[in-house]
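Structure first, commentary second.
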Amino acid sequence: MNSYFRAIALDFDGTLTDGGPPSPVVLAAIDRVRAAGLKTVLATGRILTELRDVFPMAERYFDAIVVENGAALSLEGVLHTLSPPVENELDEALAGRGVPYRRGQVLLATHAGFEGRIQDEIHRLGLECGLVYNRGELMILPPGVSKGFGLSKALEALGISYHNTIAVGDAENDQSLLTACEFGVAVADAVEGLRRHADLVLEQPDGAGVAALLDRIARGDDRSLVPTRWRIRIGISADGCPAEMAASRVNLLITGRSKSGKSFAAGTITERLMELGYSVCLIDPEGDYTSLGELHGVECLGGSGSPPDIDEVRRFLAHRFGSVIVDLSLVEPAKQADCTQRLLRALSADRQSSGLPHWVIIDEAHHALGLPGELARILDEGEKGYCLVTYQPQVLERQLYTAMDYLLVLPGGRRLAGPDPISEVERIGALSLAPSLDGVDTGHGLLVNMANARAMRLIELAPRRTAHVRHWHKYVQGKLPRRLRFNFTGRDGRGACSAANIQEFCDLVREVPPDTVAFHAERLDFSRWLREVFQEEELAADVRSNEQSFVASARVSDDVAVLRKAVVQAIMQHYG
């Protein structure tokens, strides 16, 4: 199926019908949307027996039925209560005040005109209850129970994320239903409060409007159903206003020079998406995002010389809609490329069936785009929910570039050999970015809404919750190319040995003869290697200070021991 959505939750009275069972037209539309692959959930304030009296075939058309305004759930004909019932002592109190009511498994239902007497008795008895209105009806419920609460339990049972769900309603008690879903719809004659908060107001009332919406979704014509409520904050603009972008159904390109903050920005966006409950799969070829594994519901897989098992990645994403960081930093480049292609193919298939993951974020995306294969096909076919991070935007062909809905351009950093990424973005997109970036330093960026390329906003990037250490895993345990390794040697050139990564470097600093340590410290070789190979300016400055202190000392054996310890300690503190 082509729809982003995997479930639709529908209110009953005033939404599916204006009295009696739904019409044959509505029921046929429900059948068509189910045939297209969506699950259907009925969410009503009615008690189940009352619903069956007027609509005995309800289970035939719905995969789950939320009744009693979210207090109970019917699955495959079995009713499950989701909350303890309202206290029985309230029954006698209301009867004594002449209040007619109906009791379900959990709630009490009556007419809204009796609100005053009900409030008096609840207060007199010292109870905690929620009063929920449904036009002229009033429901008395345990605290915290709502249609949105009941729907969350139904979706959990069906294995569907609320971010892949549409909700449709008409009355006050449908507010929580719409809020609990990615996209909320009000029928044409809904109460004004619900209309104001809906993402879409239908042109027709009750069943007629719903039938038209269902047919639209069944045809896969839902690309314009983009929610207004779910947004992520990327930073703050110069006027102090939040800079935001849509949190779903869009594509984002992050680009800039080396060390301009691309991975930091991508990490911030990933954190924001996870906070909102979106499922993310981040493909990390450099080990920049492993700290995200500290967050609840996030799993880091990989981090060894072998690529992680693709099925393991898929299982974790499907389990409670979690997020996965796929760490490929220690994998050989050829195997990285193969793993990325296979993973993208598998994730694309999973998204077609389950909607998960909601986002695929690809760092160093020029590697994936530079190969013929899945990513080019995916973007060309119009899939959304992809974030590409690259300093080589020129690898995007023009038709793929147009698949981007947002562009985040970061100034600063280092110019490398080859095309400048900012100039390339200007060329590909026929944009004029440079004037807006003059004098802008690291930590800021230009956010472009591609629907209106002139709507550019200069922003200060939002902070991150987790620490960002550039290429940590690769530097500590991976194998650098031979030309970039640190070669230890004595003054006479004998006893040479090589460090292929940070861990080996620290081990050798501890082990090589004192004269070798002194030789390299006098030449400031340690700090130069950290700065030139890893671009770790702060760490290099710290180590250089220790080298200079050693050179200024008498350089006896005790000083060499102090230097060994200081260099290793600075590195270990920096890389955690």
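Normalising the average separation of contacting C-alpha pairs (under 8 angstrom, six or more residues apart) by the number of residues puts the relative contact order of region 279-370 at 41 percent. Here the scattering of region 50-108 is modelled by Debye summation over its C-alpha atoms, one equal scatterer each and no solvent; at q = 0.14, 0.15, 0.22 Å⁻¹ the log10 of I(q)/I(0) is -0.48, -0.53, -0.88. The trypsin sites (Lys or Arg not before Pro) found in region 498-575 that occupy coil by DSSP, while having at most 13 further C-beta atoms within 10 Å, are Arg523.
The distance separating the Cα centre of region 501-557 from that of region 428-464 comes to 39 Å. At a threshold of 8 angstrom on Cα-Cα distance, excluding pairs fewer than six apart, so keeping six or more, what relative contact order does the chain reach in percent? Averaging sequence separation for qualifying contacts and normalising by length gives 11 percent for the chain.
On the principal axes of its alpha carbon atoms, region 25-85 extends 37, 23, 17 Å, with the longest extent given first.
Extent along the principal axes, Cα only, for region 492-571: 31, 26, 20 Å, with the longest axis given first. Of all lysines in the structure, the ones whose alpha carbon falls short of 28 Å from that of Lys335, not counting any fewer than 8 places away in one chain, are Lys259, Lys262, Lys384, Lys474, Lys479. For the pair Glu381 and Asp309, label points projected 7 Å from Cα toward Cβ lie 2.6 nm apart.
Note on region 419-463: Rg/Rh from C-alpha atoms, Kirkwood Rh, equals 0.96. Hey, of (1) 212; (2) 693; (3) 193, which did the structure itself give for volume of the Cα convex hull per residue in Å³ when calculated? The value matching this structure is (3). Distance between the pseudo-spin-label points of Thr49 and Leu79 (7 Å out from Cα toward the beta carbon): 0.7 nm.
Between the helical axis of 147-158 and the longest alpha-carbon principal axis of the chain there is an angle of about 60 degrees.
Annotation: extensible slack from Ala541 through Asp18 equals 180.9 nm (criterion: 0.36 nm per residue apart, minus Cα-Cα distance). For region 93-124 versus region 1-54, the spacing of their alpha-carbon centroids is 30 Å.
Protection proxy ranking for 207-219, 87-99, using the average of other Cβ atoms within 10 Å per residue and placing the highest first: 207-219, 87-99. Out of all Cα-Cα pairs in region 297-343, roughly what percent, to the nearest whole number, are more than 18 Å apart? Cα-Cα pairs in region 297-343 separated by more than 18 Å: 24 percent.
Per-residue ellipticity at 222 nm computed for the chain from its helices equals -11000 deg cm²/dmol, with DSSP H segments shorter than 4 residues left out and the rest contributing -39,500 (n - 2.57). Helix 262-275 and the long axis of the chain differ in direction by around 30°, with both axes built from C-alpha atoms.
Using Cα-Cα distances under 8 Å and only pairs 6 or more residues apart, what relative contact order does region 317-443 have, in percent?
It comes to 19 percent, rounded to a whole number.
Since every read-out is calculated from the coordinates, none of them should be taken as a lab result. Computed from a predicted model, the values in this text were never measured in an experiment. Please note: Cβ atoms are built from the backbone with ideal geometry, for glycine as well, and neighbour counts cover all protein chains shown.
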